[in-house]
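Contents: one structure, followed by commentary.
The values are calculated or read from the model by the stated rules, or taken from the named source; none is laboratory data. Predicted, not measured: the structure shown is a model, and the values here were computed from it. All Cβ positions, glycine included, derive from the backbone under ideal geometry; neighbour counts span all protein chains shown.
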Amino acid sequence: MPPTTKSAVTAMIVPLAIIALGLFVSFFVQVGTHWVPVILPVLEIDVLNVIQIGAGVLAVLLWRSRDGEPGMAAVATALVLIVGGLVLTGLATYAFSSVGQWTGAMVFATPLALAPVLAFHALRIRGWDRMLLLTGALALALLSYSCPLVPGILNEYSGGVVYAAAIVGILVLFVRGFRTLTAPGPQP
């Protein structure tokens, strides 16, 4: 059976849950030859945890709507996450450009250009196709957040690889679903 946009989006529940679980996992840092737990993020909640909390909420909302259509709560949650990710990416772009690191600034500027385009186009369509484009925009907005050059939620110390793998997983599922979205149907 060929993949559909619904199957691609519902498969994204797993990577979104992995991002959310980062809120409950200790970060480790190497001290000499030993790895020492440093922080448990849930004990020190701050504004940057909106991405982990929002990813968990979005995963639950998508799980609940798997038998029907995603609701407005899922759309609103995805939009909040996209805006939060773009704000953090914008700050990274500003930081790189203010010190003359133009390659880094351009790398971080790419999601700033692509994610809003996908998000605005998603608002023009309905159902699982909308959620596919919103989760694709979300993955683009959060992709630069796993960069080891910019301290982020999960890349402080040991979690960046897991976070990056989850985001890349969402992007792969987005591309698979997007191919079915843009594939021409049978001709009458």
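So which helices (runs of 4 or more DSSP H) are wholly in the stretch 1-102 and hold at least 1 residues that are at pLDDT 80 or above and within 16 Å of ALA141 (Cβ to Cβ)?
Output list reads 13-21, 50-64, 72-98.
Quick one: in the stretch 113-161, which of the residues that are out of contact with any Pro (no Cβ under 8 Å at 6 or more places or on another chain), assigned to a helix (DSSP H, G or I) and surrounded by fewer than 18 Cβ atoms within 10 Å (Cβ to Cβ) is modelled with the lowest pLDDT?
VAL161
Test THR180 against the criterion of being loosely packed, with under 15 Cβ neighbours inside 10 Å, modelled with pLDDT under 80 and not in a loop (DSSP other than H, G, I, E, B), and give yes or no.
no
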